[in-house]
Amino acid sequence: MTATEPFAPAGQTAPIVEIEDLQVGFPQLDGTVQAVRGVSFSLAAGESLGIVGESGSGKSVSCMAVMRLLRTPPARITARRLALDGVDVMAAGRRQMAELRGSVAAMIFQDPMTAFDPVFSIGTQIVETIQAHRATTTRAARAEALALLERVEIRNAAAILDSYPHQLSGGMLQRAMIAMALSCRPRVLFADEPTTALDVTVQAQILQLIKDLQDDFGMGLVMVTHDLGVVAETVDRVVVMYGGRVMEEASVHDIFERPAHPYTRALLVSIPGQEGGRRRLTEIPGASPDPSNPPTGCPFHPRCRQADARCRTDMPAMTPLGEGRRAACWRL
Amino acid sequence: MGRPDRIAPGDVPALELRGLGKTFHLRSGGVLRRRSTALHAVRDVDLVLPRNGILGLVGESGSGKSTTGMMALRLLEPTAGRILLEGTDITTLGSAALKPWRQKMQVVFQDSYSALDPMFTLQQVVAEPLRIHGIGTPDERAERALAWLERVGLHRGYGSRYAHELSGGQRQRVAIARALILGPSVLIADEPTSALDVSVKAQIINLLQDLQQDMGLSILFISHDLSVVRSLCDRVAVMFAGRIVEAAETEGIFGAARHPYTRSLLDAIPQLDPRNRRRRQFRSREDLAADIPVLSRAELAGDVAPSDTPRLVPVAPGHLVEARVTADPDTRSGA
Ligand SMILES: Nc1ncnc2c1ncn2[C@@H]1O[C@H](COP(=O)(O)OP(=O)(O)O)[C@@H](O)[C@H]1O
Ligand SMILES: Nc1ncnc2c1ncn2[C@@H]1O[C@H](COP(=O)(O)OP(=O)(O)O)[C@@H](O)[C@H]1O
Ligand SMILES: [Mg+2]
Ligand SMILES: [Mg+2]
């Protein structure tokens, strides 16, 4: 990150994650799905960042791009800078990338089944992950795997080590996936909707666990979610995405107390259950943009009550608002 | 036994479940030592869905909500209890006798994609219930389907499209149109907003509120999302391990919950104020199951005989909690 970037978190060490002007497209027979259209954000060591937006806004694709988890082709990725721990991931070779994934950055997903191979036991897979990054005996790696499962508060960790993914409940499997992600002591954890499929009580437990682990390991956290409640509970800074773009970035307090972008404000008031009593909610009319045919100008303009002629034709640039706040809106 | 929430005589509820139960027999063990274990998915559920109101049924996954809804719809046979639709016992009606009652009670599921036939146009999908019940000419049915698409917020042009062309929110609108085209008095909505995005969720909640009021519908709204329930429902029943453990007006649940399980659910809801972050204490299922409130008769809003067997008792008008009841206030513990 350069010193001129207005949104660099002040007075912190070199960033672990750097994304500048990221564009990701998926060419189709009849055009291109423009999944990410110029996204920038960064994360300093130990920091926690929430990426919030509705489905299709480009949250997962942005994270997968910097982790180099998107196959190219079909994905077409360009960026001014895309780096993990200072290493340009666009230039990194296969082996260097495999090394970065795990020891610098790890990722967990909504569906833990995608992280595990159904035909191997949980223990075997964690041991393999450890040994892929460090030269240890299988016995030592197994002891480490056991300790990790205990650390993620799995009761009966020894038995779970020998069980298969399908034998565990959703919450348990989520914990096992977190254990596997942590097995290489990553400096940043990307958590992509880790609790979306879970019950509210299990969700609260997993979020608590992730926060505790972040503290213990001094690890950075990128929490990807469509749920503003999850953001309010877990992170210090928030990036709000819409239609493949960043609409706003600010501290979690500012997002909830003085949201700058009309989309952020509309999203906040549409959340159900904030007040007692049966009531109609303040809905955002219309639907999210079609990524293969995005609107001109600001992607939110067709649904924005404040939109004027300029919003329909020109995309507003990110405007610094001081104190690390920035937003992309002509009507600020 | 006196039902504390007995409704006034003459005011027949839209739907009433009395002592409803479902036991699944699960086969386990090998070929030689085959055993059957009984799973009590739903036990002794009493629920009253008043006319012209929305009742929320909440609880964690596996607590028995969908099983209850499926039994109410007569899509799953209960192993105990009765189902009364507009005062008529439909528990044992055969399929022919049931058909007119099916028109009165319809359902919307979370995953409407699988419920919408991919080979049909949306106009055909929405008109299908009319066809099944032999209502109207083909032209009339088509016209009513288009009118219903408009009513749920999709312009008539959608009539010639197919389900796979729609977003999740649009599919839920189609499923709602299809469920309501027969003019039912009861709608059972099983997690209809759980798969939707925040802004779409708000749209569907508003649509359900509007249709409920316009049609005088009664809705049983099944959900594990307490925030949605708070904005949508007039009354809430909380289900835990197959039983109703608490039921009250919505704000009675959100403002004055008495059952430990209800409290644990409420406590887990993410707070929207980052300044209110706190460490939570979590209680195990076993711990919660063992923590049955003990109330003295003096604390109850009504005359209830002491009982060592937990049952639903009124702690305030219209507010029921599953508890043991003692005669002596001093032996009280728990809630
Ligand atoms: N492999 C792919 N091929 C084509 N389109 C894709 C692919 N992956 C993602 N997309 C599209 O990119 C957009 C952004 O997706 P995603 O980042 O997953 O959204 P989010 O995580 O915010 O829900 C969506 O419109 C999605 O359909
Ligand atoms: N057809 C079935 N056979 C056996 N068990 C079932 C069946 N349907 C549901 N169950 C069990 O009954 C319990 C209640 O399930 P369900 O009503 O789906 O809960 P909820 O809708 O609250 O998540 C669960 O333990 C579930 O596994
Ligand atoms: Mg995603
Ligand atoms: Mg269910």
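The values are calculated or read from the model by the stated rules, or taken from the named source; none is laboratory data. Values in this document were obtained by computation on a predicted structure and should not be read as measured data. Ideal geometry is used to build each Cβ from the backbone, glycine not excepted, and the neighbour counts take in all protein chains shown. Ligands, DNA and RNA are stripped out before the accessible areas are found, and what is left, the full protein with its side chains, is counted by its heavy atoms. Shrake-Rupley method; radii C 1.70, N 1.55, O 1.52, S 1.80 Å.
A few points about this structure:
- Overall form of the stretch A:1-141 per C-alpha gyration tensor (a/c, 1.5; a/b vs b/c): oblate
- Of the residues in the stretch B:215-233, those shielded by at least 40 Å² of accessible area once partner protein chains are present, compared with the chain alone at a 1.4 Å probe, are B:HIS224, B:ARG230, B:SER231.
- Normalised by 2.2 N^0.38 Å, where N is the number of residues, the alpha-carbon radius of gyration of the stretch A:237-332 equals 1.11.
- Counting Cα-Cα pairs of the stretch B:122-262 in 10 Å increments starting at 0 gives whole-percent bin shares of 11, 37, 31, 15, 6, 0.
- Cα gyration tensor shape of the stretch A:149-280, rounded if a/c is under 1.5, else prolate or oblate by comparing a/b with b/c: prolate
- Taking the C-alpha atoms only, the angle from helix A:170-182 to the longest principal axis of chain A is near 80 degrees.
- Base-10 log of normalised Debye intensity for the stretch B:213-335 (one unit scatterer per alpha-carbon) at q = 0.13, 0.14, 0.20, 0.22 Å⁻¹: -0.59, -0.67, -1.16, -1.31
- Size of charge dipole - chain A - debye, nearest 20, with Cβ of Lys, Arg +1 and Asp, Glu -1, no other charges: 520 debye
- Per-residue mean of foreign Cβ neighbours for A:226-232 is 4 (Cβ atoms of other chains, 10 Å radius).
- The radius of gyration of the Cα set in chain B, together with its Dmax, comes out at 21.6, 71 angstrom.
- Accessible-area composition of the protein assembly as shown, carbon plus sulfur, in percent [1.4 Å probe]: 50 percent
- Separation of alpha-carbon centers, the stretch A:216-255 and the stretch B:161-188, rounded to whole Å: 34 Å
- In the frame of its principal axes, the stretch B:29-105 has Cα extents of 52, 33, 17 Å, reported largest first.
- The stretch B:222-325 - charge dipole about Cα centre, Lys and Arg +1 at Cβ, Asp and Glu -1, debye rounded to 20: 440 debye
- Restriction of the trypsin sites (Lys or Arg not before Pro) in the stretch B:11-104 to DSSP coil positions whose beta-carbon has at most 11 other beta-carbons within 10 angstrom yields B:ARG33, B:ARG34.
- Within 10 Å of each Cβ in B:266-279, the average number of Cβ atoms from other chains: 6
- Student exercise, chain B dipole from Lys, Arg, Asp, Glu Cβ charges, in Debye to nearest 20: 860 debye
- Rounded to 10°, Cα long-axis angle of helix B:198-215 versus longest principal axis of chain B: 80 degrees
- Calculated from backbone phi, Karplus (6.51, -1.76, 1.60) coupling profile of the stretch A:15-28 in Hz, x at Gly/Pro: x, 7, 10, 10, 10, 10, 6, 7, 10, 10, x, 10, x, 10
- Relative contact order of chain A: 21 percent, from C-alpha pairs under 8 Å at least 6 residues apart in sequence.
- Based on DSSP H segments of at least four residues, each scored -39500 (n - 2.57), chain B has a per-residue ellipticity at 222 nm of -9000 deg cm²/dmol.
- A compact globular protein would have a Cα radius of gyration near 2.2 N^0.38 Å; the ratio found for the stretch B:251-320 is 1.35.
- Note on the stretch A:74-122: Cα convex hull, mean projected area over all directions, 5.2 nm².
- Rg to Rh, two decimals, where the protein assembly as shown supplies the alpha carbon set and Rh follows Kirkwood: 0.99
- At q = 0.11, 0.13, 0.14 Å⁻¹, base-10 log of I(q)/I(0) for chain A (Debye sum, equal scatterers on each alpha carbon): -0.73, -1.01, -1.15
- Packing order of peptides A:247-259, B:283-295, highest average first: A:247-259, B:283-295 (average count of other Cβ atoms within 10 Å over each peptide's residues).
- Entry comment: accessible area of the stretch A:57-158 is 53 Å² per residue, from protein heavy atoms only and a probe of 1.4 Å.
- Shielded residues, the stretch A:276-304 - accessible-area loss of 50 Å² or more between chain alone and all protein chains, probe 1.4 Å: A:ARG278, A:ARG280, A:LEU281, A:GLU283
- When accessible surface is computed with a 1.4 Å probe, chains B and A are found to bury approximately 3700 Å² between them, both chains counted.
- Taking the alpha carbon gyration tensor of the stretch A:53-96, multiplying each eigenvalue by 5 and rooting it gives semi-axes of 20, 12, 9 Å, largest first.
- Protection proxy ranking for A:58-64, A:285-291, using the average of other Cβ atoms within 10 Å per residue and placing the highest first: A:58-64, A:285-291.
- Backbone phi angles across the stretch B:174-180, fed through the Karplus curve with coefficients 6.51, -1.76 and 1.60 (θ = phi - 60°), yield HN-Hα couplings of 5, 4, 5, 4, 5, 5, 9 Hz in residue order; Gly and Pro are listed as x.
- Comparing the full protein assembly with the isolated chain, the residues of the stretch A:53-67 losing at least 30 square angstrom of accessible surface (1.4 Å probe) are A:GLU54.
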